[in-house]
Amino acid sequence: MKLSPDELAQHSPEALRHTFTLNRREMMKLFGAGLFVYAVSDASALQESGRRQNEEELIPHDIASWVHIASDNNVTVFTGKAEMGQNIRTSLSQQAAEELRVPVDSIRLVMADTELTPFDMGTFGSRTTPQMGTELRNICVAARDILVDMAAERMHADRSKLVAANGAITNTVNHQSLRYGEITAGQQIVKAIPLDPVLTNPAKWLVAGTPVKKIGGREFVTGKHQYTSDMSRPGMLYGKVVRPDSFNATLVSLDAKDIDPKKIKVVHDGDFVGVVASDSTSARRAAKAIKAKWKAPQQISEAQLYEYLRKNPAHSEAHAGGQSSREHAHEQGSVDKALASADKKIETTYTVAYIQHAPLEPRAALAEWNGDKLTVWTGTQRPFAVRDDLAQAFHLSTDNVRVVVPDTGSAYGGKHTGEAAVEAARLAKGAGAPVKLVWTREEEFTWAYFRPAGVIDVRAAAQKDGALTAWEFHNYNSGPAAIQTQYEVPNQRIEFHPTQSPPLRQGSYRSLAAAANHFARESSMDELAHSIAIDPLEFRLKNLREPRLRAVFETAAKRFGWGKQKASAGQGFGIAGGFEKGGYVATCAEVEVDPATRNLRIVRVVEAWDCGPVVNPNGLRNQIEGAIMMGIGGALFEDVHFAEGRVLNPHFAQYRVPRFRDLPKIEVELIDRKDVPPFGAGETPIVGIAPAIGNAIFSATGVRLRSMPMVPNGLPERAS
């Protein structure tokens, strides 16, 4: 599945700045005899270690994938995807087990290891289920067919009489049975597979589609799982980086005279300064003891942010991802004429602040050199891209770089790059020993990239009967994801305007700009509905033909009881919905506002979700509930404060995220569609919550809030 231009742009955060493969024979030796299967569409699809190709040639539908069936009947499945807490280790195992006809607990998934797993562009864009899940299903179907062929030969049986089930091939005539391990024992077979094998219809799934428990869940809750920060290597030391006092700074001078060289190794290369010590406390103290002077250019503060984003368009036709803004420009009909003749029209501006990803696990890396061979363990969504960054930084062949990703404590789009990996490797090279580097929360909140801030201008019009007639939508900087409207409107002008040199480093965030664009669009739809005195749900459905989007609106409204209870002073109801990355979502919210204190409480949220056939309902519900809670933070109070190149709230003590007391009653309604291909669910469930809350606040108070976060300091007294 090829990435769209907006996904490529948004998944290409500001590049790292640097101032300075296991072959098949080895794999057989490591995993033992058995059956290996790989998928191939053409020669360029095989990514051997060290082989450099354009990522466009290696996007998911062309990647190599492997399955190994051992003599003990256990199955090893290889994927370049990374487990970031989204539970794809379980859902991918289910899909492999389904097509192989084996118990899910017999599957061992090897993930995100650039020496052991096939090339993968990265774990982002809600692409794991539709792309990698389908890829693994294809491979496992082919593996099953090969096993049937081998069993038929061994049994001297009619192939059509053989059935694969529970890890064995059985002859339905005489009930003779061979386990997979018996069939593959002593053999090392590599075969190409057909490109379009017949997959099991989701309506007949027995393993996929069931609520399998999270694989490895016990290890996570008991503390047995080893995150990067828990790992150790023989002779390992601890590193710390000396950070500038503001962004875009260059080093003027360095004074390390107070550092004991017998205990502390100082690594200085260009603007990079770091220390290595035998323990983390000594490293931290040494970094503070170094006197570094920095020079930084004058930079804007957040007070000038939105004016800057609007008034500094990218000069070049090309911007992030190699696109021009015109690639995200759409126009039909005559917006100006439609606005002039409309019964009702609105003209509004929405703003979206920079926010943190705030992952539970900050960046961490453990780097080890063995001669010219570098191995780094780190939490990243793009292990192969980080491998390439390391190879570039240290002038190595990618043959000599291995990146291993332990199951990681969340990313939300924030761990595409490998800053910690490069820093740890630099420190390890300077120290001549393995070095572990763990970022502090302050470092994570300052030196990682942010969700882009944005300004969105909306002009729209409707007739008294509720028909949309004009829609004009301009997004400055935030991004083009989900910028197109799904509503039927004859006159449209929609455009994304990239900003030249945004003031803070920015990149991917859960749903990219879809959350911002849905916030502006669904809030504006609500405003139009109220202006012509039509129920907000009725107004949407009147202007909507897409049956799956209509279905999620109707499902959410029914579960919520939309329209059965009327809004009153201090109590309000809001609805919003949308489409992105193949998923359809509708969200209803109920809020209460204390008239005396103006405190806001989200009482209840109902979300209906359609991403095609559901692979793991438990995991999917968790994803949706997590997206709702995460979206509440961005909707209500998350905001990066900055001035003169410095982040002013780089700790959880000053950066407000949702807490248990913010948790509303959440109800998730899954629409399990087995008649369409599967789509991902990691991102799109977040897009409906902010506009649903904003619309509910307006319902309760008459206050229309057009900036995210909406209530960083409580509700205002009157509408803006």
task = Identify the single condition in (1) out of contact with any Pro (no Cβ under 8 Å at 6 or more places or on another chain); (2) more than 23 Å from V110 (Cβ to Cβ); (3) buried (at least 24 other Cβ atoms within 10 Å of the Cβ) that A421 does not satisfy, given that it satisfies every other one.
result = (2)
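Return yes or no: is K415 among the charged types (D, E, K, R) and either over 22 Å from E580 (Cα atoms) or not assigned by TED's automatic domain parsing to the domain that holds G371 (or both)? Even if it seems obvious, please write down each step before you answer.
On the way: among the charged types (D, E, K, R): yes; either over 22 Å from E580 (Cα atoms) or not assigned by TED's automatic domain parsing to the domain that holds G371 (or both): no.
Against the criterion (among the charged types (D, E, K, R) and either over 22 Å from E580 (Cα atoms) or not assigned by TED's automatic domain parsing to the domain that holds G371 (or both)), K415 does not qualify.
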request  = Would you kindly identify the strands (runs of 3 or more DSSP E) lying entirely within region 260-334 that contain at least 2 residues that are of a type in the set (V, I, T), more than 32 Å from the chain's Cα centre (by Cα) and at pLDDT 95 or above?
outcome  = 265-269, 272-277
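Restricting region 596-617 to residues that are in contact with a Cys (Cβ under 9 Å, 6 or more places away or on another chain) and surrounded by 24 or more Cβ atoms within 10 Å (Cβ to Cβ), which is nearest to G633 (Cα to Cα)? Steps first, please.
Step one: of region 596-617, the residues in contact with a Cys (Cβ under 9 Å, 6 or more places away or on another chain) are 604-608.
Those left that are additionally surrounded by 24 or more Cβ atoms within 10 Å (Cβ to Cβ): 605-608.
Values: V605: 14, V606: 17, E607: 17, A608: 20 Å.
Among residues in region 596-617 that are in contact with a Cys (Cβ under 9 Å, 6 or more places away or on another chain) and surrounded by 24 or more Cβ atoms within 10 Å (Cβ to Cβ), the one nearest to G633 (Cα to Cα) is V605.
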Test for A470: is it at pLDDT 95 or above and assigned by TED's automatic domain parsing to the domain that holds L237 = no
All positions within region 482-513 that are in contact with a Ser or Thr (Cβ under 7 Å, 6 or more places away or on another chain) and crowded, with 24+ Cβ neighbours inside 10 Å = F496, P498, S511, A513
request  = Of the numbered conditions (1) surrounded by 14 or more Cβ atoms within 10 Å (Cβ to Cβ); (2) under 21 Å from G85 (Cβ atoms), R656 fails exactly one; give the number of that condition.
outcome  = (2)
message = Name the residue that is nearest to V75 (Cα to Cα), counting only residues in region 176-194 that are part of a loop (DSSP other than H, G, I, E, B) and at pLDDT below 95.
response = A185
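Quick check: anything in region 496-508 within 22 Å of S410 (Cβ to Cβ) and of a type in the set (S, T, N, Q)?
Checking region 496-508: at least one residue is within 22 Å of S410 (Cβ to Cβ) and of a type in the set (S, T, N, Q).
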query = Considering region 131-140 alone, what residues qualify as being within 30 Å of G418 (Cα to Cα) and surrounded by 22 or more Cβ atoms within 10 Å (Cβ to Cβ)?
reply = Q131, M132, G133, E135, L136
key: Evaluation of Q654 against (1) under 24 Å from the mean Cα position of the chain (by Cα); (2) assigned to a loop (DSSP other than H, G, I, E, B); (3) farther than 24 Å from K204 by Cα (one fails), failing number   = (1)
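Can you pull out every residue in region 85-130 that is in a strand (DSSP E or B) and not acidic (D, E)? Please lay out each step first, then the result.
Just the residues of region 85-130 that are in a strand (DSSP E or B), to begin with: 107-111, 113.
Result: I107, R108, L109, V110, M111.
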query = Could you count how many residues in region 539-580 are hydrophobic (A, V, I, L, M, F, W, C) and touching a Cys at 6+ places or on another chain (Cβ under 9 Å)?
reply = 7
ask   = Quick one: how many residues across region 545-557 are within 12 Å of I575 (Cβ to Cβ) and surrounded by fewer than 16 Cβ atoms within 10 Å (Cβ to Cβ)?
value = 1
task = Please state which of the following conditions Y509 fails to meet, knowing it meets all the rest: (1) modelled with pLDDT under 95; (2) in contact with a His (Cβ under 9 Å, 6 or more places away or on another chain).
result = (1)
query = So A143 clears everything in (1) surrounded by fewer than 22 Cβ atoms within 10 Å (Cβ to Cβ); (2) at pLDDT below 95 except one condition, right? Which one?
reply = (1)
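In the set A643, A627, which member is within 23 Å of the chain's Cα centre (by Cα), of a type in the set (G, A, S) and not assigned by TED's automatic domain parsing to the domain that holds E135?
Sole residue among the options that is within 23 Å of the chain's Cα centre (by Cα), of a type in the set (G, A, S) and not assigned by TED's automatic domain parsing to the domain that holds E135: A627.
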query = Given the conditions (1) under 21 Å from T351 (Cα atoms); (2) part of a loop (DSSP other than H, G, I, E, B), and given that P691 satisfies all but one, which numbered condition is not satisfied?
reply = (2)
ask   = On the given criteria, is S699 among the hydroxyl-bearing types (S, T, Y) and either within 30 Å of I215 (Cβ to Cβ) or surrounded by fewer than 20 Cβ atoms within 10 Å (Cβ to Cβ) (or both)?
value = no
query = Between residues in region 224-235 that are charged (D, E, K, R) and residues that are not in a loop (DSSP other than H, G, I, E, B), which pairs lie under 6 Å by C-beta distance while being six or more apart or on different chains?
reply = R233/E368
ask   = Does region 104-122 include one or more residues that are touching an Asp or Glu at 6+ places or on another chain (Cβ under 8 Å), modelled with pLDDT under 95, farther than 29 Å from A164 by Cα and outside the structural domain of R402 (by TED's automatic domain parsing)?
value = yes
remark   = D526: passes all of (1) under 25 Å from T351 (Cβ atoms); (2) part of a helix (DSSP H, G or I); (3) under 28 Å from the mean Cα position of the chain (by Cα) but (3)
request  = Kindly indicate which of R545, R540 is modelled with pLDDT of 95 or more, of a type in the set (D, E, K, R), farther than 19 Å from I686 by Cα and assigned to a loop (DSSP other than H, G, I, E, B).
outcome  = R545
inquiry  = When the residues of region 195-242 are narrowed to those that are among the basic types (K, R) and part of a helix (DSSP H, G or I), which ends up nearest to the chain's Cα centre (by Cα)?
reply    = R218
request  = Can you tell me which residue within region 75-100, out of those that are touching a Lys or Arg at 6+ places or on another chain (Cβ under 6 Å) and not β-branched (V, I, T), is surrounded by the most Cβ atoms within 10 Å (Cβ to Cβ)?
outcome  = Q95
key: Check on P202, surrounded by 11 or more Cβ atoms within 10 Å (Cβ to Cβ) and touching a Pro at 6+ places or on another chain (Cβ under 7 Å)   = yes
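The values are calculated or read from the model by the stated rules, or taken from the named source; none is laboratory data. Since this is a predicted model, take the numbers as computed values, not measurements. Counting neighbours? That spans all protein chains shown, and the Cβs are built from the backbone with ideal geometry, glycine included.
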